[in-house]
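The structure appears below as structure tokens.
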Amino acid sequence: MLRNFQEVLAWAKRPGQMTISVAAAQDKDVLQAVKLAQDNGLASPLLVGDAAVIRPLMAEVGLPADTPVVDEKDMTKAALTAVSLVSKGEAQVVMKGLINTSDFLKAVLHPEVGLRTGRLLSHLAAFEVPGEPKLVFQTDGGMNIAPTLAEKKDILVNAMLVLRALGIERPNVAVLTANEQVNPKMPATMDAKALADMAAAGELPPGIVEGPIALDVALSPEAARHKGLTSRISGQVDLFLMPNIETGNAMGKSLLYYAKAKMAGIVLGARNPVVLTSRSETPEGKLYSIALACLAAGGAERR
Ligand code: COD
């Protein structure tokens with residue numbers, strides 16, 4: 001069980017740092033995060049972006065003047081260069097800088113220089129919520145917009161395998177919906193039932209998958225009792241599967257802004273770890289995302 005991001009940081013440290021290629025690195029928070037990653041023994045930076053902006057910011061955050069910088073002012077081209085440096089083996093991790101998420105992901109998916117594997121790529125977020133005993137994970141609030149049932153299965157498999165690599169052998173998974181009744185008018189409930197059935201039939205990695213299940217029942221055994229429902233995972237969810245990107249985005253931002261949670265975000269299913277954080281995320285949050293990416297990659301290697 002991972003209790004908090006300090007544990008993620010501690011576990012992600014390894015001998016022989018990785019190199020992290022940063023797409024559109026001309027942002028002080030991003031540079032602070034890669035400096036922290038270097039100081040914490042996680043990864044050393046290879047910066048791609050507008051060198052005239054990057055160099056003074058590097059000095060401000062204390063990155064050494066000999067840190068490699070590839071000058072590319074155009075953000076789309078910077079993303080393609082940052083990704084291709086990973087494809088060529090000059091870096092092992094790629095991170096989104098000051099570029100919009102879709103443009104960054106299009107570079108990751110690029111047919112020639114991208115990091116496709118043939119698997120569906122999906123976003124995994126981790127949250128440290130004040131007062132909660134462990135990290136809670138959520139997928140996919142960042143990449144797949146309106147996944148089909150088959151895509152939801154792939155998204156779930158991506159996340160459950162990585163959770164296993166992180167030491168959560170049998171995750172409790174809530175397939176989130178607005179209530180617990182299967183209702184053809186709410187297609188997400190039909191998909192949730194189908195996914196729970198797949199898990200019961202052994203078609204998913206080990207774990208308990210429940211759905212359809214609403215957020216109150218997933219979080220509170222008392223709410224489950226009030227509704228007359230039995231749940232094996234209520235109050236102990238490790239992973240939420242979102243019905244669509246809007247729900248995931250809103251849940252994530254509610255946790256961040258209302259509950260003062262900390263968040264990390266990575267993309268799964270690519271050839272190399274991909275760090276995908278919001279531009280508004282703090283340097284500390286971006287550092288946790290780098291650590292989670294390194295840990296997920298290391299865990300996958302160990303498997
Ligand atoms: N995994 C693997 N391959 C994919 C995936 C995926 N998740 N998505 C698309 N592809 C492949 C397709 O098979 C196709 O070969 C090619 O990529 C292009 O497919 P399109 O045209 O459907 O996709 P794009 O390039 O228009 O968009 C892909 C994005 C990931 C950029 C798009 O889905 C997107 O913008 N997602 C939301 C990102 C976002 O804004 N997040 C912020 C909210 S927090």
note = Compactness check, the chain: C-alpha Rg relative to the 2.2 N^0.38 Å globular estimate gives 1.00
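Counting pairs of Cα atoms in the stretch 122-262, how many percent are more than 21 Å apart?
On the way: 3601 of 9870 pairs.
That fraction is 36 percent.
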query = What order do you get for 63-70, 191-198, 283-290 when each peptide is scored by the mean count of other beta carbon atoms within 10 Å, highest first?
reply = 283-290, 191-198, 63-70
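Students often check this: by mean Cβ neighbours within 10 Å, which of 75-84, 128-137 ranks highest, and how do the rest follow?
Values: 75-84: 23.0, 128-137: 16.8.
Averaged packing, sorted descending, gives the order 75-84, 128-137.
Over all distinct alpha-carbon pairs, what is the Kirkwood Rh of the stretch 120-171 in angstrom? Mind showing how you got there, number by number?
On the way: mean 1/r = 0.0849 Å⁻¹.
The answer is 11.8 Å.
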note = The extension gain from Ala146 to Arg116, computed as 0.36 nm times the residue separation minus the Cα-Cα distance, is 8.8 nm
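Kindly state, as a whole number, the per residue volume in cubic angstrom of the convex hull around the alpha carbon atoms of the stretch 192-303. List each step's numbers first, then the result.
On the way: hull volume 15.3 nm³, N = 112.
Dividing the Cα hull volume of the stretch 192-303 by its residues yields 137 Å³.
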In the stretch 156-258, chymotrypsin sites (Phe, Trp or Tyr not before Pro) in a DSSP loop with at most 16 other beta-carbon atoms within 10 Å = Tyr258
ask   = In degrees between 0 and 90, to the nearest 10, how far off the longest principal axis of the chain does helix 75-87 point, with axes built from Cα atoms?
value = 80
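How much net charge surrounds Leu36 when only the other residues with a Cβ under 11 Å from the Cβ of Leu36 are counted, with Lys and Arg +1 and Asp and Glu -1? Walk me through the numbers on the way to the answer.
Values: positive: Lys35, Lys286; negative: Asp29, Asp39, Glu284.
Here the charged neighbours net out to -1.
Remind me, relative contact order of the stretch 122-262 in percent, using alpha carbon pairs under 8 angstrom and six or more residues apart? Provide the component values of the computation, followed by the final result.
Values: 262 pairs, mean separation 46.5, N = 141.
Over the stretch 122-262, the number comes to 33 percent.
Each reported figure results from applying straightforward, stated rules to the coordinates on display, with no laboratory input. Bear in mind the structure is a predicted one, so any value in this text is a computation, not a measurement. Virtual Cβ from ideal backbone geometry, glycine too; neighbours counted across all protein chains shown.
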